[in-house]
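Only one structure is covered here, and it is reproduced in the block below.
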Amino acid sequence: MIVGDLKPRAEIVSAIKEYKQVLVLGCGSCVTVCLSGGEREAEQLSRELSQIRHIHGAPPKFEVGSILRQCERDLVIEYQDIPPGTDAVLSLACGAGVQVLADVFEPLPVIPALNTTFLGGSDKPGEWTEKCKGCGDCILIQTGGICPIARCAKSLFNGPCGGSQGGFCEVGGSRPCAWTQIVARLKKMDRLHHYEKINATKDWTKGGAAGPRKRVRIGLGDGNKRN
Amino acid sequence: MSYFRVNDNCNGCLACVENCPASALRFSDRDNRRTLKHSMTKCARCGQCWRICPQKAIEFQHLLEGSWDDVVTLDMIRCQVCSEPLYSTVYLQKMAGELNSTGEALCPLHRQRQAASKLPAVGLARVCAKLGYK
């Protein structure tokens with residue numbers, strides 16, 4: 001899922017202080033599941049921002065809403081109403097959702113309330129870790145289902161660096177060395193020969209280096225729904 | 001029937017309501033009765049309620065493996081030769097209106113056969129005669 005973190009309150013307060021009526025809009029998908037941008041967080045943020053001590057002068061009037069996915073243009077157009085008098089939207093979606101809202105409701109300002117952080121998974125309740133960089137050329141079959149692009153601090157492609165110490169990354173904290181994990185996993189899988197394969201330099205054009213990527217599913221879209 | 005179900009361990013502590021990130025759980029206290037309410041349209045099926053429940057009362061499997069609900073039932077048109085289901089009568093009416101024609105109810109196979117049968121007969125005898133066979 002896409003994981004995000006609520007921005008510092010001071011940054012949000014600073015971003016909304018010039019507006020009179022703000023729609024605080026949660027997103028019902030990834031950021032709901034990672035407990036950072038769902039309807040509950042939208043309501044909670046609205047309550048916090050309404051407290052006068054956060055705001056110089058009168059706080060804006062807040063309306064709260066939530067939509068299943070802010071990142072789908074047709075869904076937003078059809079089902080998300082902007083209450084009369086709203087002069088800004090404070091979105092608790094990921095960056096994709098914020099941008100779709102900004103496109104749909106142009107010229108209404110859409111303010112991000114979250115920092116979109118990574119594509120990750122939840123290994124245990126209340127903890128999410130980065131798992132994928134969306135590089136566009138998945139090699140998990142070779143690496144025992146552990147991504148060195150996302151989980152190695154240097155995104156190394158052919159084994160660990162000299163900073164791998166006792167199974168941990170030199171970057172610090174308790175970060176495990178992804179390549180130590182990969183080798184251990186491949187051993188368990190009896191697939192250690194995968195580790196001996198030398199990977200060529202990665203083609204990052206598939207990973208966004210050639211500009212924003214686009215996926216077109218033939219047979220959907222044109223003519224069926226509004227674009 | 002709700003897909004959100006609890007077992008007899010539920011003691012109405014409302015931990016699930018307090019911790020639902022999608023605001024999909026509510027309760028009402030009325031006439032000395034507490035009712036837990038769930039909205040499937042708001043539910044993100046994140047499992048937070050199931051994780052948080054101190055009584056282990058939430059049977060989350062029903063939100064993962066729910067049964068199928070009937071949505072709409074319409075009269076069907078079948079192939080008039082082999083009875084293969086084709087489309088609904090409503091669809092037929094719409095198509096007939098758009099094409100200004102009703103056409104026959106045939107599956108692709110029998111439509112093809114019917115079309116072939118309407119081709120001008122190219123007599124085998126004629127071909128054979130041309131090739132000098134008798």
Residues (touching a Lys or Arg at 6+ places or on another chain (Cβ under 8 Å) and either within 14 Å of chain A (Cβ to nearest Cβ) or under 11 Å from B:Cys49 (Cα atoms) (or both)) located in region B:9-37
B:Val17, B:Cys20, B:Pro21, B:Ala22, B:Ser23, B:Ala24, B:Leu25, B:Arg26
Mind telling me which of the residues A:Val24, A:Val31 ends up being under 16 Å from the mean Cα position of the chain (by Cα) and among the hydrophobic types (A, V, I, L, M, F, W, C)?
A:Val31
Is it the case that region A:107-118 has a residue that's at pLDDT 95 or above and farther than 30 Å from A:Ser14 by Cα?
no
If we scan region A:23-31, do we find a residue that is in contact (Cβ under 8 Å) with a residue 12 or more places away in the chain, in the same structural domain as A:Leu108 (by TED's automatic domain parsing) and more than 13 Å from A:Leu68 (Cα to Cα)?
yes
Can you pull out the helices (runs of 4 or more DSSP H) entirely within region B:37-112 that have at least 3 residues that are surrounded by 14 or more Cβ atoms within 10 Å (Cβ to Cβ)?
B:48-52
Quick check: anything in region A:155-171 closer than 30 Å to A:Ile16 by Cα and not polar (S, T, N, Q)?
no
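The values are calculated or read from the model by the stated rules, or taken from the named source; none is laboratory data. As the structure is a prediction and not an experimental result, all values here were calculated from the model. Glycine also receives a Cβ, built like all others from the backbone with ideal geometry; neighbour counts cover every protein chain displayed.
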